[in-house]
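Remarks on the structure that follows.
Laboratory data are not the source of any read-out in this text; all were calculated from the coordinates shown. As the structure is a prediction and not an experimental result, all values here were calculated from the model. Positions of Cβ are generated from backbone atoms using ideal geometry, with glycine treated the same way; all protein chains shown enter the neighbour counts.
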Amino acid sequence: MKQVLTSEDLNFLEEKLRESSPAPWSIREDESADTAWVVPSTDGNPIALFDYGSRERNRADACFFVSARNYMDVMIEEIKSLRKRVLELIQSNNIEVQKRMDVQTELAELKKVLRKENESD
């Protein structure tokens, strides 16, 4: 299993999200059976059936499925926003590091000048 989502992965997920039925999705349960249906808000017709396990397992899996769809756009935007912020912080840090290096170089040059002046006295 992948440990890191690449930009291509995020683009792929966004594409699949656009192609899917719009959120919110919900769960419809059949009280006379152990099934759980996933229902998009667009027309109310079920698009997925969970019926392979116990009522609790089917409901838990359907809940996860629905939650993943309902929050996927939020998660993708959050990832993009956090990545952008990390890049901004890295760039800011790089600027600060460069400034410190410039100050150290300038200090070294000043020390050389002072040494030469002290030697000539």
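Once both axes come from the Cα atoms, what is the angle between helix 55-120 and the longest principal axis of the chain, in degrees from 0 to 90, rounded to 10?
Helix 55-120 sits roughly 0 degrees off the main axis of the chain.
Starting from the amide H of G53, placed 1.01 Å from N in the peptide plane, find each other amide H under 5 Å away whose residue is 5 or more places distant or on another chain.
Residues meeting the criterion, in which the H sits 1.01 Å from N, are N58.
Apply the Karplus curve 6.51 cos²θ - 1.76 cosθ + 1.60, θ = phi - 60°, to the phi angles in segment 32-41 and return the couplings in whole Hz, x for Gly and Pro.
8, 9, 8, 8, 9, 9, 9, 10, x, 6
Can you tell me the length gained on complete extension of the stretch D102 to S41, counting 0.36 nm per residue apart and subtracting the Cα distance?
Gain in length upon complete extension: 16.0 nm.
What does the chain give for Rg and for Dmax, in Å, if only its C-alpha atoms count?
Computed over the Cα atoms of the chain, radius of gyration and Dmax are 28.9, 102 Å.
With axes computed from alpha carbons, what is the tilt in degrees of helix 7-19 against the longest principal axis of the chain, rounded to the nearest 10 within 0 to 90?
Roughly 30 degrees, rounded to the nearest 10.
With each pseudo-label sitting 7 Å past Cα toward Cβ, what's the L89-E29 distance in nm, one decimal?
4.1 nm
At most 13 other Cβ atoms within 10 Å and a DSSP loop assignment: could you name the chymotrypsin sites (Phe, Trp or Tyr not before Pro) in segment 1-54 that fit?
Qualifying residues, ordered by number: Y52.
Between K84, K99, K111, which gets the highest mean-square fluctuation from a Gaussian network model of the chain, Cα cutoff 10 Å?
K111
Just how large is the dipole of the chain about the Cα centre, in debye to the nearest 20, putting +1 at every Lys and Arg Cβ and -1 at every Asp and Glu Cβ?
Here the chain has a charge dipole of around 420 debye.
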